[in-house]
Structure formats: structure tokens, C-alpha cells
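Structure record follows, encoded as C-alpha cells.
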Amino acid sequence: MKLHRAVFLLFIFTGLLFTGAALAQDLGQKILVSHAWVRAMPPSTKNTAAYMTIENQTGGELVLQSANTAAARVVELHKMEQAGNIMKMKQVDTLRIPAGGHLVLEPHSFHLMVIDLLMPLVEGETIPIVLNFAGGSHVTVNAVIRKPGEGS
Ligand SMILES: [Cu+2]
């Protein structure tokens, strides 16, 4: 009798674990990232920026908490901000995307600051960038290395 109960509880517990994993995977499929690119830089430059459009179809607010890439030591979340007459970039803790909405990361606006490149960026190639969202969803995008204003 006691054994049956233990086995039954184990079944429930295992079921919950699987449900949790499925949920995270499901959310990942409802986070759509498009037009991901990284600004090509001369080899002597150690920092660059990455841009993309993130679409939120998860049904709740989406919070981007951090990002990372094998191509650089650090990735920071940045926005451009008016400071007097000039635009300055500023690090932010999170980027929030409302349910059903999207966020465009583009030059002179929100961007991922890619700091301390570990390899040269070759135009036309891609680097993988991992986006880490609140709740444990991770989305990996391949950002194309290119100069601004080339194609879309
Ligand atoms: Cu920046």
C-alpha cells in the first residue's frame, strides 16, 4: 500500500518535470527572432553591436535578461538616450516586450553591445547569439555579419 503510494507520487513528480520542460520549449517557439545581424568592424576594433527583431507570441510579457555569444567576452543590453544635444548609449538591465508585441533592435536605438571580441568578424559569416529570457527560455540566433545599410 505504501509502496503504491510512493510510486504514484513519483509518477506525478516526473509528470510535472516533463511539463515544465515542455513549457520552456513551447515558449521558445513563441519567441520569434528575425533580421539578426552584427555590425562588421575593422579587425582592430574590439567592440560591435548586434541588431534584430524579437516578436513575442508567448501570451505574456517577455523579459530579455541577458545575452551571450561565443564570439565575445561580454554582451550587454543597451539603448540610446538623448543627453543634451547628443545621443549616448546606456546599459539597461532588461528589455521588455509586451504580449503580442515586438521589439526592434536597430542602429540609434536598442541594441546588444558585443564587447571584447574573441575572433575577427568576417563579413557574410554568422555568429550565434544566445538570448536568455526570464522564466528560463533561451533562444539562439545566428546573426549575419555585415555592414549597415546592406540589404535587409
Ligand atoms: Cu552600446
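The values are calculated or read from the model by the stated rules, or taken from the named source; none is laboratory data. Keep in mind that this is a model prediction, so the values were computed, not measured. Neighbour counts run over all protein chains shown; Cβ positions are idealised from the backbone, glycine included. The protein model used for the area step is the full one, side chains on, heavy atoms only, and it has no ligands, DNA or RNA in it. Shrake-Rupley method; radii C 1.70, N 1.55, O 1.52, S 1.80 Å.
Between K79, K147, K90, which is among the charged types (D, E, K, R) and modelled with pLDDT under 95?
Step by step, each of K79, K147, K90 is checked, and only K147 is among the charged types (D, E, K, R) and modelled with pLDDT under 95.
Just name the residue that is farthest from the chain's Cα centre (by Cα) out of those in the stretch 41-64 that are outside any strand (DSSP E or B) and within 16 Å of the ligand (Cβ to nearest atom). Before the answer, list the steps.
Quick first cut of the stretch 41-64, residues outside any strand (DSSP E or B) only: 41-47, 57-61.
From what's left, within 16 Å of the ligand (Cβ to nearest atom): 41, 45-47.
Working: M41: 21, T45: 23, K46: 21, N47: 18 Å.
Result: T45.
Just give me the residues in the stretch 65-101 being away from the ligand (no atom under 15 Å from the Cβ) and crowded, with 17+ Cβ neighbours inside 10 Å, in sequence order.
Of everything in the stretch 65-101, those that are away from the ligand (no atom under 15 Å from the Cβ) and crowded, with 17+ Cβ neighbours inside 10 Å turn out to be N68, A71, I97.
Going by the structure shown, is G136 under 16 Å from the mean Cα position of the chain (by Cα), away from the ligand (no atom under 14 Å from the Cβ), touching a residue at least 24 places away in the same chain (Cβ under 8 Å) and not in a strand (DSSP E or B)?
Details: under 16 Å from the mean Cα position of the chain (by Cα): yes; away from the ligand (no atom under 14 Å from the Cβ): yes; touching a residue at least 24 places away in the same chain (Cβ under 8 Å): yes; not in a strand (DSSP E or B): yes.
It is true that G136 is under 16 Å from the mean Cα position of the chain (by Cα), away from the ligand (no atom under 14 Å from the Cβ), touching a residue at least 24 places away in the same chain (Cβ under 8 Å) and not in a strand (DSSP E or B).
Identify all residues within the stretch 105-125 that are assigned to a strand (DSSP E or B) and under 18 Å from L32 (Cα atoms); write none if there are none.
Within the stretch 105-125, L105, H111, L112 qualify.
Since N56 meets every condition but one in (1) of a type outside the set (A, V, I, L, M); (2) closer than 27 Å to I145 by Cβ; (3) open to solvent by 40 Å² or more (accessible area, probe 1.4 Å); (4) at pLDDT 85 or above, which condition does it not meet?
In the conditions (1) of a type outside the set (A, V, I, L, M); (2) closer than 27 Å to I145 by Cβ; (3) open to solvent by 40 Å² or more (accessible area, probe 1.4 Å); (4) at pLDDT 85 or above, N56 misses (3) alone.
Where the second residue is away from the ligand (no atom under 11 Å from the Cβ) and not in a strand (DSSP E or B) and the first is under 16 Å from L131 (Cβ atoms) and lies in the stretch 87-98, which pairs have Cβ atoms under 8 Å and are six or more apart or on separate chains?
Going by the 8 Å Cβ cut-off, the qualifying pairs are T94/A134; R96/E61; I97/E61.
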